[in-house]
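Have a look at the structure below before the remarks.
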Amino acid sequence: MLRKLLLSSVTATAMIGSALAADLPSRRPPPVVPVVPVFTWTGFYLGVDGGYGWQNIRETGIFGGLPFYQLNYRASGPVGGGHVGFNWQVSQFVFGMEGDVLYSGMRVTGPANTLLFNNPVWRSGVEGSIRGRIGVAFDRFLAYATGGVAFETFRLRETFLFTPGLVDTFTPSRAGLTVGGGVEYAFTNNWLGRVEGRYSDFGTFNNASIVAPGLFYRQRVTETKITGGISYRFDYAAPAPVVARY
């Protein structure tokens, strides 16, 4: 009888101890939960561009305040250079500023004017822009619109067939509006690729002839170009949002 009582007491004590032990906090470390960083477009970046461009030039000869001839010609050629900018992503939207500097190889020899027997030779030089950007991000894919101010230096030579030794030469620099858009993809967290198209309008400007006093050449210039580029995005100091997967 005593043995049965002792066995019952030991069994009850063990059961109570096990129940109390189950209620005690575990000393084992918590399970490791992997986190996957969400890509963000926020950050500074710089890169290189290259592509092709076209310029439409409408030239009007003005003499005595009256137009007396008009020529239309198109310059074309490669463009290439670099860009730098900053993006800030808010939810799915990306806002940014960007500047670029490109060397333009667009040039053309225009048609001869039968009135003055002059032949325009047109080419572009260095161009650049300062633009805002706004886009919609789909993880690593970004579609964006851009717009701002463009700057460009042109070179115009007017040669005269009846006086080949006399040449009017001008190097006007112009500012105008530029708008466009493109798509961009992040191949890694730092390397980005893009394709962009832009239209620029440099307005109308006059150049006074030295060879023929009283003669003005009036140019109206618009430009379209398509470029591709590679950028390197620097990691931003602000922590990127993370999503935990359980």
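Overview of results
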{"item": "Hey, residue 54 closer than 21 Å to residue 221 by Cβ, at pLDDT 85 or above and either in contact with a strand residue (DSSP E or B) (Cβ under 8 Å, 6 or more places away or on another chain) or not in a helix (DSSP H, G or I) (or both) or not", "result": "yes"}
{"item": "Residues located in segment 211-246, provided they are at pLDDT 65 or above and not in a strand (DSSP E or B)", "result": "211, 212, 213, 214, 234, 235, 236, 237"}
{"item": "Enumeration of residues in segment 77-99 that are within 29 Å of residue 59 (Cα to Cα) and either in contact with a Lys or Arg (Cβ under 8 Å, 6 or more places away or on another chain) or of a type in the set (A, V, I, L, M, F, W, C) (or both)", "result": "77, 79"}
{"item": "Any hit, segment 95-104, residues being at pLDDT 95 or above, polar (S, T, N, Q) and not in a loop (DSSP other than H, G, I, E, B)", "result": "no"}
{"item": "Hits in segment 157-189 - residues which are within 30 Å of residue 38 (Cβ to Cβ) and crowded, with 19+ Cβ neighbours inside 10 Å", "result": "180, 182, 184, 186"}
{"item": "Residue within segment 145-156 that is of a type in the set (A, V, I, L, M), surrounded by 18 or more Cβ atoms within 10 Å (Cβ to Cβ) and not in a loop (DSSP other than H, G, I, E, B) present", "result": "yes"}
{"item": "First in segment 197-221 and on the phi > 0 side of the Ramachandran plot, second anywhere and of a type in the set (Gly, Ala, Ser) and surrounded by 15 or more Cβ atoms within 10 Å (Cβ to Cβ), Cβ under 9 Å, 6 or more apart", "result": "203/176"}
{"item": "Test for residue 104: is it crowded, with 16+ Cβ neighbours inside 10 Å, of a type in the set (Ser, Thr, Tyr) and under 18 Å from residue 195 (Cα atoms)", "result": "yes"}
{"item": "Matching option when the condition is among the aromatic types (Phe, Trp, Tyr), over 20 Å from residue 148 (Cβ atoms) and in contact (Cβ under 8 Å) with a residue 24 or more places away in the chain, among 44, 39, 95", "result": "39"}
{"item": "Qualifying residue in segment 114-131 (condition: part of a strand (DSSP E or B), among the small types (Gly, Ala, Ser), at pLDDT below 95 and under 23 Å from the mean Cα position of the chain (by Cα))", "result": "yes"}
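The values are calculated or read from the model by the stated rules, or taken from the named source; none is laboratory data. Since the structure is predicted, the reported quantities are computational estimates derived from the model, not experimental observations. Here the Cβ is made from the backbone with ideal geometry for all residues, glycine too, and neighbour counts use every protein chain on show.
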